[in-house]
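The values are calculated or read from the model by the stated rules, or taken from the named source; none is laboratory data. Quick caveat, the model's predicted, so the values are computed rather than measured. Virtual Cβ from ideal backbone geometry, glycine too; neighbours counted across all protein chains shown. The area values use the complete protein model at the heavy-atom level, side chains included, leaving out ligands, DNA and RNA. Shrake-Rupley method; radii C 1.70, N 1.55, O 1.52, S 1.80 Å.
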Amino acid sequence: MDLALRQLLTERFPGAVVCREPDGLPRHPDLVILSLASASDSDGLREQLERLQERWRPAPLLLHLDAAGRMGRDGLLALPVQGLLVAAEPEALVEAATTLLAGGRDVRLPASVGATSRSTAPRPQGSRPASTGLARRLLDSALQQIETDLALISRLLDPPPSSRLLRLLLEGRCRELLMARDWVRWLWAPMAMAWGADDPDAASTASGAEVTALAIRLPGRDAGSIWQSLRQRLEAASREELINNTGQLLALEGLHPGRRMDLLEALLEQLDGVLTRLRADGLRGEELELRWQALQGEVQDAALRRVAGAYVRLPREGALEPVAPRLLRPGRPVPDLSPWSPSLRMLGPLVRSEPLLVDGQLLPPDDPRALLHLESLVSDWMLRTAEGLSGEILAACGDWPELRRYLLARELLATRSLERLRNRLNNRDRWFGLIERPLQLYESRRDLLCLQAGAIQPLRLTEARDQELRQLRGLPLLVTLALEARDAIAPQLRALLRRVGDVLVVLLTQVIGRGIGLIGRGILQGMGRSLSRP
């Protein structure tokens, strides 16, 4: 521990004894600070931290690293510590110590500490699988070009350009590239399975995605403190002008930036009230889920009332008409939340501080990994709900021009632009219900919408969805059957192509090649005889 840090701790905590060695402690410590240059050996560091916790329990442990070393963000978050700081100033260490002494958590990682995973780890230069052929090299080149263009557009959009037209063109190009990447992967799958190639999703890396700094500060470890920390993070993210990086059209983009911000803030405010009521009711299990679903109508009505304004009146056909009754029309359909909705998983941790299952591990809700997963679930619920309400707002503005100026973006003032957007959204919903959702169910994946660094980012989770799959009927069921048939035919197709290739090799070398050789030899012999004659 350096002298500057010891001086700051002594000034911040008068009367406290700051010792560099455990032999000088007059009593059991209230806080243990471990400062290292870097984390080169993850297993050795974990063992050292576990020994410190066993020796000084129940004192919290604060780990400070000058550099992350070879450990990525996922490895650092998995360390058994209450506080984790990388390349932090002494003042930040003192703030983290104050939080830990109050019973909370503090995690601060710079942007240079990237997330590591086995599927996105860069391959050593010059190494390539033995089965790589021309088709696979073309696929890798196409995906790499798409990722390069996406990275370029991301840099041009951060910060957003002053010209709104240029920003819209860049965002549209980004959606086209993301859609092209999805189509390339989807169309490549049958050929990849037939030739025994690797998964095309593993060919593209996340090189174009920028990793942002991570700062998690929990004043306590109860459900209320966890929710307040999540709310602050999501409120800060929703105040920025969001960039759509999902690759799909969103109705939320059609709202006026001010109304969009009001909608997201209203949903967070209503969610805070709902969680408070659920904690007071003391429900659990199925009763808690039913109560949550019953409150969704009130949440959405309050959010629409906030967007419309309780006392806002706009001219319509020569008279002033209130806006709120237009959006809160009687008989408005309440969303049907299925029992497999991902938003139901956040109820237990945020209401009763129950543990959360993340990547096969049951983690307490105050664990940084569980907190980030909870943030993804809450942001997905908020964005999905805002997307559904945005579609209703677009429909309500169809025959009221003044309402479009108040609620919608400037590009949607024209009737043709608004109707074209609504038609595209309807086509998107049909495609998702008939094709995309069966694909997700059969492939056991779920796509979440997350707020990250002023942008709406997709997050793909792999989880069993067998119960939802068994409930499919009609065309969605035929889509899953077609996928199963494709998977069954692919090995036979691979074997057939291999045998056809062997036959072609024999035919070209043994039959056609030998025949051409005999013909050439006969021609040469005939030419030799003709030349030898006088």
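Worth a mention:
- Condition met for E387 (modelled with pLDDT of 90 or more, loosely packed, with under 15 Cβ neighbours inside 10 Å and either part of a loop (DSSP other than H, G, I, E, B) or at negative phi (or both)): no
- Close Cβ contacts (under 7 Å, 6 or more residues apart or on different chains) running from residues in the range 291-313 that are small (G, A, S) to residues that are open to solvent by 70 Å² or more (accessible area, probe 1.4 Å) comprise G297/V334.
- The helices (runs of 4 or more DSSP H) found wholly in the range 429-534 and carrying at least 1 residues that are of a type outside the set (A, V, I, L, M) and over 38 Å from the mean Cα position of the chain (by Cα) occupy 475-506, 513-532.
- Test result for A280, among the small types (G, A, S), open to solvent by less than 50 Å² (accessible area, probe 1.4 Å) and not in a loop (DSSP other than H, G, I, E, B): no
- Of all residues in the range 408-428, those satisfying the criterion of being part of a helix (DSSP H, G or I) and either at positive phi or crowded, with 17+ Cβ neighbours inside 10 Å (or both) are L412, L418, L421, R422, L425.
- If the condition is being among the acidic types (D, E) and modelled with pLDDT of 85 or more, then the range 84-100 contributes only E95.
- Within the range 151-168, residues that are under 17 Å from P257 (Cβ atoms) sit with their Cβ atoms under 9 Å from residues that are among the basic types (K, R), at 6+ positions apart or across chains, in these pairs: L157/R167; P160/R167; P161/R167; R164/R410.
- Failed condition for P26, given (1) at pLDDT below 75; (2) out of contact with any Cys (no Cβ under 9 Å at 6 or more places or on another chain); (3) open to solvent by 70 Å² or more (accessible area, probe 1.4 Å); (4) not polar (S, T, N, Q): (2)
- Selection count, the range 71-105, where residues are closer than 19 Å to S229 by Cα and assigned to a loop (DSSP other than H, G, I, E, B): 5
- Residues that are in contact (Cβ under 8 Å) with a residue 40 or more places away in the chain and open to solvent by 10 Å² or more (accessible area, probe 1.4 Å) within the range 349-364 comprise V351, R352, S353, P364, listed in sequence order.
- In the range 243-254, the condition of being over 19 Å from the mean Cα position of the chain (by Cα), closer than 20 Å to H373 by Cα and part of a helix (DSSP H, G or I) is met by no residue.
- Residue under evaluation V113, criteria (1) surrounded by 15 or more Cβ atoms within 10 Å (Cβ to Cβ); (2) closer than 30 Å to A370 by Cα; (3) at pLDDT 75 or above, criterion not met: (3)
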